[in-house]
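Enquirer: Mind having a look at this structure? Questions to follow.
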Amino acid sequence: MTVAPASARFNRSEWSSAFRNVDEELTDVPLKPVRGEVPDALRGSLYRNGPGRLERDGQRVHHPFDGDGMITALHFDAKGVRCSNRFVRTSGWKAEESAGKVLFRGVFGSQKPGGPLANAFDLRLKNIANTSVVRLGDDLLALWEAAEPHALDPQTLETRGLSLLGGVLKKGEAFSAHPRFDPGHHGDPRMVTFGVKTGPRSTVRLMEFATTDNAAAGIRAGDLLSDRRDTFAGFAFLHDFAITPNWAVFLQNSINFNPLPFVLGQKGAAQCLTSNPNGKAKFWLIPRDSGVFAGQEPRVIDAPDGFVFHHLNAWEDDGEVVVESIYYNDFPSIGPDQDFADVNFDLIPEGLLEQCRINLDSAKVETTRLSERCCEFAMVNPNQEGLPCRFAWMAAAAREQGNDPLQVVKKLDLQTGERHIWSAAPSGFVSEPLMVPRPNASSEDDGWVLDLVWNGARSASDLYILDARDLSEVALLELPLAIPHGLHGSWCESSVLNK
């Protein structure tokens with residue numbers, strides 16, 4: 001098969017034009033649709049997190065994931081839509097703002113000025129709070145998985161400070177940037193999340209928090225409901241996991257970590273990770289304290305080869321745990337001498353959606369490829385998290401096969417393989433799509449998909465509201481803001497915001 005050169009598949013300059021500093025912070029700027037109308041029933045707040053500071057004093061980060069976190073909020077109410085954005089005032093951000101230069105190294109290879117000698121043996125890492133953002137109790141939490149979260153005001157986005165979640169965390173303790181939300185499998189809804197302490201043996205701390213008040217039980221949103229620790233053999237590189245009513249499902253990628261180049265100032269910590277061809281990936285199935293296997297030991301089962309950042313969903317089916325994940329055939333990374341804005345997409349492994357059926361009795365795993373199109377950031381209807389789902393929404397490449405920037409939103413029927421595609425090409429580049437169910441929805445795909453799109457033609461960001469059923473356009477709002485390619489976000493209903 002002849003593959004068109006990258007220059008003919010997408011405009012690299014329009015894609016890379018998003019890698020810029022955000023120079024302004026907006027407060028409640030009203031937005032009017034330039035096409036369509038915002039649905040009256042869409043009430044709440046869309047929050048997005050991602051790197052907003054990519055350069056200081058002429059020095060650019062080596063990888064966007066090392067950029068300082070910036071939260072963007074789009075508030076939907078009876079008056080319309082309002083846009084705000086704020087940098088998370090981490091201690092590292094404030095120190096570098098004051099100094100006007102880079103003071104810290106980055107996990108993904110960003111270095112202080114002065115070369116390896118200036119960076120050697122400086123193992124400090126600033127908490128950049130740039131990966132995800134969720135509402136828990138009275139706080140909006142900006143998450144970065146290597147340390148504790150930062151608490152923000154949900155309306156103004158002002159930084160309240162580091163949060164130890166009422167004493168749940170110790171100072172500096174890792175807290176995942178990819179929580180999962182149980183819609184109420186055993187009663188009230190919960191936020192399920194984890195922290196991991198890595199080493200030759202790795203310890204996973206599984207935590208569950210209330211997300212609503214239950215006055216009769218004396219429970220407030222944000223209270224810790226369950227907490228367990230389990231230790232496993234091997235080094236754990238865990239960004240995401242999946243939940244069912246009874247299990248938390250982790251995939252331990254087969255990874256080697258050699259910290260010496262990081263210690264000697266030659267690489268970032270993440271650049272010291274490599275796939276271990278002689279190792280074996282493992283599924284770690286940890287019983288949830290709210291489920292029927294509470295108190296039992298975890299199940300450890302061999303997993304297929306490949307590398308996984310993100311999972312779509314998991315559920316249980318007659319003695320099996322089914323988990324759907326985005327698999328890469330190798331760990332994708334950017335080396336010390338590579339420019340992220342000039343990356344060769346043809347040389348980077350593509351992410352492909354696969355389903356694994358784990359038999360709990362035989363410990364055998366059957367794998368099925370669900371889609372051949374490169375994709376990322378997949379989700380199901382949040383009211384169906386942990387249950388069998390028919391539909392999934394994801395960001396994907398514009399071409400049918402091969403790796404490229406994400407330019408389309410794809411809806412996939414997981415039963416029939418039928419798909420709908422909404423394209424932002426040629427000048428648009430999509431982010432993580434968020435499916436928002438319609439209040440009192442009549443079907444699994446009754447609702448909307450919200451997506452922040454980088455518009456390379458006007459060098460700014462657009463918000464598209466799509467019909468979740470067929471991805472037809474409902475409304476387009478042009479933001480007066482240029483938001484760099486980011487990571488994760490969340491939707492918070494108005495009923496939670498107005499508590």
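The values are calculated or read from the model by the stated rules, or taken from the named source; none is laboratory data. Here the structure is a predicted model, which is why all the values come from computation and not from measurement. All Cβ positions, even for glycine, are placed from backbone atoms using ideal geometry, and neighbour counts span all protein chains on display.
Enquirer: Would you confirm whether or not region 377-389 contains a residue that is under 22 Å from Phe345 (Cα atoms) and part of a strand (DSSP E or B)? Spell out how you get there, then give the answer.
Expert: To start, the set of residues in region 377-389 that are under 22 Å from Phe345 (Cα atoms) comprises 377-378.
Remaining after also requiring part of a strand (DSSP E or B): 377-378.
For region 377-389, residues under 22 Å from Phe345 (Cα atoms) and part of a strand (DSSP E or B): present.
Enquirer: On to the next question. Can you tell me which residues in region 114-152 are touching a residue at least 24 places away in the same chain (Cβ under 8 Å), over 24 Å from the mean Cα position of the chain (by Cα) and assigned to a loop (DSSP other than H, G, I, E, B)?
Expert: Here is the first cut: in region 114-152, the residues touching a residue at least 24 places away in the same chain (Cβ under 8 Å) are 115-123, 125-140, 142-150, 152.
Pick out the ones that are also over 24 Å from the mean Cα position of the chain (by Cα) and you get 115-123.
Answer for region 114-152, where residues must be touching a residue at least 24 places away in the same chain (Cβ under 8 Å), over 24 Å from the mean Cα position of the chain (by Cα) and assigned to a loop (DSSP other than H, G, I, E, B): Ala120, Phe121, Asp122, Leu123.
Enquirer: Name the single residue that is modelled with the lowest pLDDT among those in region 472-495 being hydroxyl-bearing (Ser, Thr, Tyr) and not in a strand (DSSP E or B). Talk me through it step by step, then tell me what you get.
Expert: So the first thing to find is which residues in region 472-495 are hydroxyl-bearing (Ser, Thr, Tyr), and the list is 472, 490, 494-495.
Imposing the further condition that a residue be not in a strand (DSSP E or B) reduces the set to 472, 494-495.
On the way: Ser472: 98, Ser494: 81, Ser495: 62.
Only one residue fits best here, namely Ser495.
Enquirer: Look through region 96-113, keep the residues that are without any contact (Cβ under 8 Å) to a residue 24 or more places away in the chain and among the aliphatic types (A, V, I, L, M), and return whichever of them is farthest from Cys272 (Cα to Cα). Steps first, answer last, please.
Expert: Going residue by residue through region 96-113, those that are without any contact (Cβ under 8 Å) to a residue 24 or more places away in the chain are 97-99, 103-104, 112.
Among the residues that remain, those that are also among the aliphatic types (A, V, I, L, M) are: 99, 103.
Working: Ala99: 29, Leu103: 21 Å.
Restricting to residues being without any contact (Cβ under 8 Å) to a residue 24 or more places away in the chain and among the aliphatic types (A, V, I, L, M), the top hit is Ala99.
Enquirer: Here's another thing I want to ask about it. Suppose the filter is more than 12 Å from Leu481 (Cβ to Cβ) and either over 21 Å from the mean Cα position of the chain (by Cα) or in a strand (DSSP E or B) (or both); does Leu26 pass it?
Expert: no
Enquirer: I need every pair where a residue in region 287-299 that is assigned to a loop (DSSP other than H, G, I, E, B) and crowded, with 16+ Cβ neighbours inside 10 Å has its Cβ under 9 Å from the Cβ of a residue that is hydrophobic (A, V, I, L, M, F, W, C) and at pLDDT below 95, sequence separation at least 6 or different chains.
Expert: Cβ pairs passing all conditions: none.
Enquirer: Scan region 70-83 and report the pairs whose first residue is part of a strand (DSSP E or B) and whose second residue is among the acidic types (Asp, Glu) and modelled with pLDDT of 95 or more, with Cβ atoms within less than 8 Å and a gap of 6+ or a chain change.
Expert: From region 70-83, the pairs are His75/Asp28; Arg82/Asp28; Cys83/Asp28.
Enquirer: Which number in (1) among the polar types (S, T, N, Q); (2) surrounded by fewer than 19 Cβ atoms within 10 Å (Cβ to Cβ); (3) modelled with pLDDT of 95 or more; (4) within 23 Å of Arg369 (Cβ to Cβ) marks the one condition that Thr244 misses?
Expert: Failed condition: (2).
Enquirer: Does Phe76 count as among the aromatic types (Phe, Trp, Tyr) and buried (at least 22 other Cβ atoms within 10 Å of the Cβ)?
Expert: On the way: among the aromatic types (Phe, Trp, Tyr): yes; buried (at least 22 other Cβ atoms within 10 Å of the Cβ): yes.
Yes.
Enquirer: Separate question: Residue check: is Arg369 out of contact with any Gly (no Cβ under 7 Å at 6 or more places or on another chain) and either in contact (Cβ under 8 Å) with a residue 60 or more places away in the chain or among the small types (Gly, Ala, Ser) (or both)?
Expert: On the way: out of contact with any Gly (no Cβ under 7 Å at 6 or more places or on another chain): yes; either in contact (Cβ under 8 Å) with a residue 60 or more places away in the chain or among the small types (Gly, Ala, Ser) (or both): no.
Here the answer is no, as Arg369 does not meet what is asked.
Enquirer: Also: Residues Arg180, Arg201, Arg190: which one is among the basic types (Lys, Arg), surrounded by fewer than 17 Cβ atoms within 10 Å (Cβ to Cβ) and in contact with a strand residue (DSSP E or B) (Cβ under 9 Å, 6 or more places away or on another chain)? Working first, answer last.
Expert: On the way: Arg180 fails: surrounded by fewer than 17 Cβ atoms within 10 Å (Cβ to Cβ); Arg190 fails: surrounded by fewer than 17 Cβ atoms within 10 Å (Cβ to Cβ).
Checking each option against the conditions leaves just Arg201.
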